[in-house]
Amino acid sequence: MVGVGVIVGVLVGVCVLVFVGVFVLVFVGVFVLVFVGVFVLVFVGVFVEVLVGVGVFVVVFVGVFVDVLVGVFVGVFV
């Protein structure tokens, strides 16, 4: 009976170890995935915001530049 108890104990120990190992792996995997996902979202969000900001700046700058050019052109010819 002692032999059976030891075998069952070892089997249960191995099962618990495997279960905990898998659980930790899955938990860490999900955590890393979520963390990377959030990081990517934030990075992409910031990147898009910067792009939009630059785009708006360029549009405003070009608009002012064209306005000035048109004003000078009209001023010279009028």
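Quick grid of which residues meet (1) open to solvent by less than 80 Å² (accessible area, probe 1.4 Å); (2) in contact (Cβ under 8 Å) with a residue 12 or more places away in the chain; (3) of a type in the set (A, V, I, L, M, F, W, C):
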| site | (1), (2), (3) |
| --- | --- |
| 35 | no, no, yes |
| 53 | yes, no, no |
| 58 | yes, no, yes |
| 65 | no, no, yes |
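Open to solvent by less than 100 Å² (accessible area, probe 1.4 Å) and under 36 Å from the mean Cα position of the chain (by Cα): does that describe residue 74?
Judged against the criteria, residue 74 is not a match.
Quick check, is residue 24 surrounded by 10 or more Cβ atoms within 10 Å (Cβ to Cβ) and either modelled with pLDDT of 90 or more or charged (D, E, K, R) (or both)? Don't jump to the end; show me each part of the working.
Numbers: surrounded by 10 or more Cβ atoms within 10 Å (Cβ to Cβ): yes; either modelled with pLDDT of 90 or more or charged (D, E, K, R) (or both): yes.
Yes: the conditions hold for residue 24.
The values are calculated or read from the model by the stated rules, or taken from the named source; none is laboratory data. Keep in mind the model is a prediction, meaning the values are calculated, not measured. Here Cβ is always computed from backbone atoms with ideal geometry, including for glycine, and neighbour counts include all displayed protein chains. Quick note on the areas: whole protein, heavy atoms, side chains included, nothing else; ligands and nucleic acids left out. Shrake-Rupley method; radii C 1.70, N 1.55, O 1.52, S 1.80 Å.
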